[in-house]
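Comments concern the structure below.
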Amino acid sequence: QVQLVESGGGLVQPGGSLRLSCAASGSISGINAMGWYRQTPGKQRELVALIRSGGSTNYADSMKDRFTISRDNAKNTMYLQMNSLKPEDTAVYFCNAVVLHTWTQRWQNYWGQGTQVTGSS
């Protein structure tokens with residue numbers, strides 16, 4: 001079993017900041033890429049930011065100047081620092097990771113359950 005658990009979501013005023021965390025646990029021999037995605041009702045899930053095991057990153061254009069993705073490989077944890085939040089950033093944010101499963105020795109894709117971020121005054 002592999003679990004990804006997000007935390008840190010909530011209600012924030014426009015212009016405010018939030019820090020999301022994603023902790024991976026379970027039968028993990030390694031983690032390759034990790035990413036944050038978000039989804040609003042009626043829309044497809046979209047990439048927010050991606051970070052590879054070596055630390056290289058990619059961001060969606062609309063977020064790269066405001067959001068920062070990072071990870072602590074020793075803790076199997078990923079973070080998303082979100083600054084200058086806008087109402088349109090309101091969404092459920094999901095954590096994703098490509099994990100080397102200890103038992104199967106296969107790389108498998110996992111998702112967290114999501115955490116709600118609401119930007120509203």
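Details
- Within segment 28-45, the only residue that satisfies the criterion of being touching a strand residue (DSSP E or B) at 6+ places or on another chain (Cβ under 8 Å), exposed (fewer than 14 other Cβ atoms within 10 Å of the Cβ) and over 14 Å from V98 (Cβ atoms) is T40.
- Answer from W107, W36, W111 - the residue that is more than 16 Å from the chain's Cα centre (by Cα) and of a type in the set (F, W, Y): W107
- Tally of residues being of a type in the set (V, I, T) and over 19 Å from Q1 (Cβ atoms) across segment 75-116: 3
- D89, sole failed condition from (1) buried (at least 20 other Cβ atoms within 10 Å of the Cβ); (2) within 12 Å of the chain's Cα centre (by Cα): (2)
- Lone unmet requirement of (1) at pLDDT below 95; (2) within 19 Å of I51 (Cα to Cα); (3) open to solvent by less than 40 Å² (accessible area, probe 1.4 Å) for G119: (2)
- When segment 91-121 is filtered for residues that are more than 14 Å from L20 (Cβ to Cβ) and either without any contact (Cβ under 8 Å) to a residue 24 or more places away in the chain or not in a strand (DSSP E or B) (or both), the ones remaining, listed by number, are T102, W103, T104, Q105, R106, N109, S120, S121.
- Long-range neighbours under 7 Å by Cβ, at least six apart or interchain, first residue surrounded by fewer than 15 Cβ atoms within 10 Å (Cβ to Cβ) within segment 59-72, second modelled with pLDDT under 95 and of a type in the set (S, T, N, Q): none
- Whichever residue in segment 8-27 is part of a loop (DSSP other than H, G, I, E, B) and under 12 Å from the mean Cα position of the chain (by Cα) and, among such residues, is surrounded by the fewest Cβ atoms within 10 Å (Cβ to Cβ): G8
The values are calculated or read from the model by the stated rules, or taken from the named source; none is laboratory data. Predicted model only: the values in this text are computed from it and were never measured. Positions of Cβ are generated from backbone atoms using ideal geometry, with glycine treated the same way; all protein chains shown enter the neighbour counts. With ligands, DNA and RNA removed, areas are computed over all heavy atoms of the protein, side chains included. Shrake-Rupley method; radii C 1.70, N 1.55, O 1.52, S 1.80 Å.
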